[in-house]
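Data block below; observations after.
The values are calculated or read from the model by the stated rules, or taken from the named source; none is laboratory data. Keep in mind the model is a prediction, meaning the values are calculated, not measured. Don't worry about glycine lacking a Cβ; one is built from the backbone with ideal geometry, like all the others, and counts go over all protein chains shown. We work out accessible area using only protein heavy atoms, side chains counted, and drop any ligands, DNA or RNA first. Shrake-Rupley method; radii C 1.70, N 1.55, O 1.52, S 1.80 Å.
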Amino acid sequence: MTTATTASTEVQTRRAWKIPVIYLLATVLLGFMAYSAKGDVTIRLRDKSQSLAIPDIVTSGPRILVFLLIVMTVLCLWGWASTILRIRVPRLVEVAVMSLAVLSTVLGFLVFAATGSSAALTLTSVLVSTIAISTPLIFGSLSGVVSERVGVVNIAIEGDLLVGAFAGVMAASYFRTPYMGLVAAPLAGALLGCLLALFAVRYGVDQIIVGVVLNVLALGLTTFFYQTVMKKVPERLNTNQFSLAPIKIPGLSEIPVVGPMLFNQTILVYLMYLAVAFLTVYLFRSRWGLRLRACGEHPRAADTVGINVNRTRALNTILGSAFAGLGGAFFTLGSVLSFTDNISAGNGYIALAAMILGKWHPLGAMGAALMFGFAQAVARMLPNVAPSIPSDLVAMIPYVVTIVAVAGFVGKSRPPAAENVPYVK
């Protein structure tokens with residue numbers, strides 16, 4: 001009995017070196033940036049949409065970097081000490097410390113890039129762009145959460161985003177209102193979801209293969225109709241004149257830094273807020289959510305209590321694809337852009353990574369998608385403050401962040417037990 005208890009304790013408190021090593025690398029990086037930086041940095045906390053005047057902050061870049069280095073050093077020492085001494089750290093504290101470490105490192109990189117530059121570091125604008133860029137990623141990751149929780153792997157998120165972007169701008173241009181695009185985009189995604197449900201659920205074809213084929217189908221169809229239909233009458237079927245305008249919430253949008261980020265966005269962003277809240281509650285606090293998750297974890301048990309497993313899987317696969325289709329509308333209706341070939345540009349796969357990093361939970365998927373969106377916003381801002389950085393290197397940032405996050409932070413994650421397993425009575 002004593003031996004078993006001791007072994008159990010050793011297993012529970014075994015050392016994990018991954019996080020302390022990451023803290024050490026971040027400390028070394030900040031040390032290098034603090035040593036190399038020379039000059040002042042201008043930090044702008046006001047967005048152009050705000051009437052509130054906030055003066056720019058001009059201060060020494062190395063001084064900020066030294067402060068961040070001290071913070072990161074303390075976190076690094078804490079991480080190594082807790083690991084060596086096998087201190088049990090509450091999960092909430094661990095997440096808070098990790099978030100502070102990431103924030104310190106990212107802020108240090110931004111300050112380092114802007115130090116000595118004549119351009120200002122526009123933090124508020126970067127945050128506004130982060131929310132906007134993250135919107136299709138969040139919708140796509142929510143699509144994956146719904147589909148995989150019910151037991152269907154949805155690799156076709158990329159195709160859903162693409163057909164949503166195409167149908168959204170075409171409907172908005174044809175009917176001369178962006179709100180018809182918001183109706184057409186999820187319907188287009190749902191149509192692609194019907195094909196996924198037909199082959200993967202009804203006929204039991206491998207879900208990953210079906211998803212890849214649907215992505216190729218969506219790319220081929222949108223490219224064909226873009227070349228043969230849209231390009232002939234672009235002013236009628238592919239115009240950006242009917243894009244969604246930002247909706248400014250009075251008072252809240254004037255809050256410094258976070259106001260424009262959260263409360264001066266298009267209706268797509270506000271729908272994204274509602275979608276995350278809806279799925280968070282209903283997936284884990286409703287009969288619908290319980291049945292959905294039962295079909296993804298143990299379909300045989302769900303069947304024994306009267307749940308039609310294949311129908312539940314099919315309907316929720318279509319629902320998930322509709323979420324992704326709505327997110328695809330951002331690329332055209334939400335970005336004031338016309339449709340172009342492959343406009344989704346791999347964002348569906350990043351959304352899949354966000355879903356995995358978020359461990360198949362709406363809030364976790366949203367957090368991961370925001371991280372990827374922030375990486376893209378930084379990549380777009382860097383050429384303005386640090387034009388010497390090669391553009392190809394800057395373009396790699398979002399994808400490098402994706403790889404590092406999934407490989408370094410996702411840890412052990414368990415997908416729904418019955419995903420990609422056809423259910424046959």
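Here are a few things to note about the model shown:
- Among the trypsin sites (Lys or Arg not before Pro) found in region 21-110, those both in a DSSP coil and sparsely packed, with 10 or fewer other Cβ atoms within 10 Å of their Cβ, are Lys38, Lys48, Arg88.
- Rounded if a/c under 1.5, otherwise prolate or oblate - region 244-367, Cα gyration tensor axes: prolate
- When the Gaussian network model of the chain links Cα atoms closer than 10 Å, the mean-square fluctuations of Ala167, Ala329, Ala245 top out at Ala245.
- Extension gain (nm, one decimal) between Ile389 and Tyr203, 0.36 nm per residue minus Cα-Cα: 61.9 nm
- Stretch in the chain that is longest and holds no chymotrypsin sites (Phe, Trp or Tyr not before Pro) that DSSP places in a loop and that have at most 16 other beta carbons within 10 Å: 204-408
- Computed about its Cα centre, the charge dipole of region 124-362 is approximately 500 debye, with only Lys, Arg, Asp and Glu carrying charge at their Cβ.
- Rg/Rg_globular for region 17-118, with Rg_globular taken as 2.2 N^0.38 Å and Rg from C-alpha atoms: 1.27
- Average accessible surface area per residue within region 17-118, 1.4 Å rolling probe, Å²: 59 Å²
- Accessible surface computed residue by residue for region 124-362, with neighbouring protein chains in place and a 1.4 Å probe, gives 39 Å² per residue.
- In this structure, the amide hydrogen of Ile247, modeled 1.01 Å from its nitrogen in the peptide plane, lies closer than 5 angstrom to those of Gln265, Thr266, Ile267, counting only residues at least 5 positions away or on a different chain.
- Percent accessible area from carbon and sulfur atoms, the chain, protein chains only, probe 1.4 Å: 70 percent
- Hydrodynamic radius (Kirkwood) for region 124-362, which is based on Cα pairs only, to one decimal in Å: 18.0 Å
- Ellipsoid semi-axes in whole angstrom, largest first, where each is sqrt(5λ) of the Cα gyration tensor of the chain: 37, 33, 18
- FRET efficiency for Leu103 and Asp303, using Cβ-Cβ distance with R0 set to 45 Å, rounded to 0.05: 0.45
- Taking amide H as placed 1.01 Å from N in the peptide plane, Thr122 has its amide H under 5 Å from the amide H of Arg44, each at least 5 places away in sequence or on another chain.
- The chain, relative contact order in percent, only Cα pairs under 8 angstrom and at least six apart counted: 24 percent
- Partner lysines for Lys231 [C-alpha distance under 17 Å; skip if fewer than 8 residues away on the same chain]: none
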